[in-house]
Amino acid sequence: MDDRSQIKIPKRVIDALIRFRVPGEQMQVLLYIVSQTLGRDKNRAAISLSQFQKATGINKRNVLIAVDGLVEKNLIDAIKDNGSAKTYRLNKNYSSWNPMSKKTLSKKTTPLSKKTLSKKTTPLSKKTTPTTESTRTDQGDFASGIGGSIGKIIDLHNKEKQN
């Protein structure tokens, strides 16, 4: 492709996209739709899954997931034509776009409270040496579920240490 080739995208579209959070693969699919429509002075474009895959490097299943996400956010319209490829267009009614909920955004970054941390952690200054008995208790159902073989190995190991 020629480095001098350009596509024209209206500033209002760019401004709307800058203010709206779109996850990775959805953004790739959206940018491809924008390049195939507005970038070519067209309102809509018929795009096949294989075209999306070739342009973005995203597998077909994830392209479908990304398209569904964009439709759910009301960023694009996906219109099933009689042909094999759907027709896509950017929804230019920017006020109707549905942003990702804060709940969705915060799932990965929920901070732990001090109360939660104090229950799950033990101070570093407390050093304990595991015994056969405490190790068996720590292993719990897992050790008994495999015939207690871990407990037997620990017993043998501890006996060898004592000798």
Any idea which residue in segment 8-18 is nearest to the chain's Cα centre (by Cα), counting only those that are among the charged types (D, E, K, R) and surrounded by 10 or more Cβ atoms within 10 Å (Cβ to Cβ)? 15
Considering segment 38-86 alone, what residues qualify as being among the acidic types (Asp, Glu) and on the phi < 0 side of the Ramachandran plot? 68, 72, 77, 81
Here the qualifying pairs (Cβ atoms under 9 Å; residues six or more apart or on different chains; first in segment 34-47 and without any contact (Cβ under 8 Å) to a residue 12 or more places away in the chain; second surrounded by 17 or more Cβ atoms within 10 Å (Cβ to Cβ)) come out as 42/36; 42/89
Hey, residue 67 touching a residue at least 24 places away in the same chain (Cβ under 8 Å), in contact with a strand residue (DSSP E or B) (Cβ under 7 Å, 6 or more places away or on another chain) and surrounded by 16 or more Cβ atoms within 10 Å (Cβ to Cβ) or not: yes
Just to check your reading of the model, which residue among 44, 19 is within 12 Å of residue 76 (Cβ to Cβ) and among the basic types (Lys, Arg)? 44
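Laboratory data are not the source of any read-out in this text; all were calculated from the coordinates shown. Just so it is clear, the model here is predicted, and its values are computed rather than measured. Here Cβ is always computed from backbone atoms with ideal geometry, including for glycine, and neighbour counts include all displayed protein chains.
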